[in-house]
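I have placed the structure first, in the form of structure tokens, so that the comments after it can refer back to it.
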Amino acid sequence: MKSWLSAAALALVLVATPVAAQTRDDVVAALQANFGNPEIFDEAFAVIQAAIAEDDVASLAEYIPFGTPLNVNGEEVVLADEAELAARYDELITPEIKDVVAAQTFETLFVNADGVMLGNGEVWLNGICIDDACTDFTVKIVTLQSAM
């Protein structure tokens with residue numbers, strides 16, 4: 001399982017056409033095929049969507065990879081902790097990001113081996129391994145990007 005998108009994969013995603021009509025079962029099947037645990041992504045999506053809608057930094061913090069790089073507008077940003085997330089929240093969670101996350105439905109998530117895309121690539125989620133064998137993982141936001 002890849003933890004970060006390559007620049008080439010990200011470029012391809014940004015020019016991708018919209019997702020064709022799919023059902024919740026289609027998304028669950030894609031998550032199962034790529035990650036083996038669709039429930040963890042379902043829960044993460046719901047919490048992230050609510051947290052961003054309510055500007056709830058504490059809830060969103062659960063899905064930020066503190067201490068490791070987060071791709072923000074094509075640059076690696078390392079956030080130390082929840083306090084830094086709170087201080088930089090408006091810079092990271094722009095009005096565009098808020099709109100994309102609010103409009104996203106589970107049924108329209110794009111899923112592939114590189115992660116789970118919201119919108120047209122404004123937000124990417126991925127499974128981050130908890131142990132070296134990657135027998136278990138947690139979901140984190142790995143990319144945030146607003147149109148420039």
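Do we have residue 128 as outside any helix (DSSP H, G or I), of a type in the set (A, V, I, L, M, F, W, C), surrounded by 15 or more Cβ atoms within 10 Å (Cβ to Cβ) and in contact with a Lys or Arg (Cβ under 7 Å, 6 or more places away or on another chain) here? Lay out the reasoning, then the answer.
Values: outside any helix (DSSP H, G or I): yes; of a type in the set (A, V, I, L, M, F, W, C): yes; surrounded by 15 or more Cβ atoms within 10 Å (Cβ to Cβ): yes; in contact with a Lys or Arg (Cβ under 7 Å, 6 or more places away or on another chain): yes.
Yes.
Suppose we filter 96, 54, 76 for residues that are charged (D, E, K, R) and touching an Asp or Glu at 6+ places or on another chain (Cβ under 9 Å); which single one remains? First the steps, then the outcome.
Details: 54 fails: touching an Asp or Glu at 6+ places or on another chain (Cβ under 9 Å); 76 fails: touching an Asp or Glu at 6+ places or on another chain (Cβ under 9 Å).
Of 96, 54, 76, the one residue that is charged (D, E, K, R) and touching an Asp or Glu at 6+ places or on another chain (Cβ under 9 Å) is 96.
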Would you mind finding the one in 19, 78, 13, 28 that is at pLDDT 95 or above, surrounded by 14 or more Cβ atoms within 10 Å (Cβ to Cβ) and either of a type outside the set (Phe, Trp, Tyr) or in contact with a helix residue (DSSP H, G or I) (Cβ under 9 Å, 6 or more places away or on another chain) (or both)? 28
Condition set at pLDDT below 90 and hydroxyl-bearing (Ser, Thr, Tyr), scope the stretch 132-148, selection surrounded by the fewest Cβ atoms within 10 Å (Cβ to Cβ): answer is 135
Residue by residue through the stretch 49-75, note down the ones that are in contact with a helix residue (DSSP H, G or I) (Cβ under 8 Å, 6 or more places away or on another chain) and either acidic (Asp, Glu) or within 16 Å of residue 110 (Cα to Cα) (or both). 49, 55, 56, 62
Here is a list: 64, 93. Which entry is among the hydrophobic types (A, V, I, L, M, F, W, C), within 15 Å of the chain's Cα centre (by Cα), more than 18 Å from residue 128 (Cβ to Cβ) and surrounded by 11 or more Cβ atoms within 10 Å (Cβ to Cβ)? 93
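The values are calculated or read from the model by the stated rules, or taken from the named source; none is laboratory data. Here the structure is a predicted model, which is why all the values come from computation and not from measurement. Cβ coordinates were reconstructed from backbone atoms using ideal geometry, including for glycine residues, and neighbour counts include every protein chain displayed.
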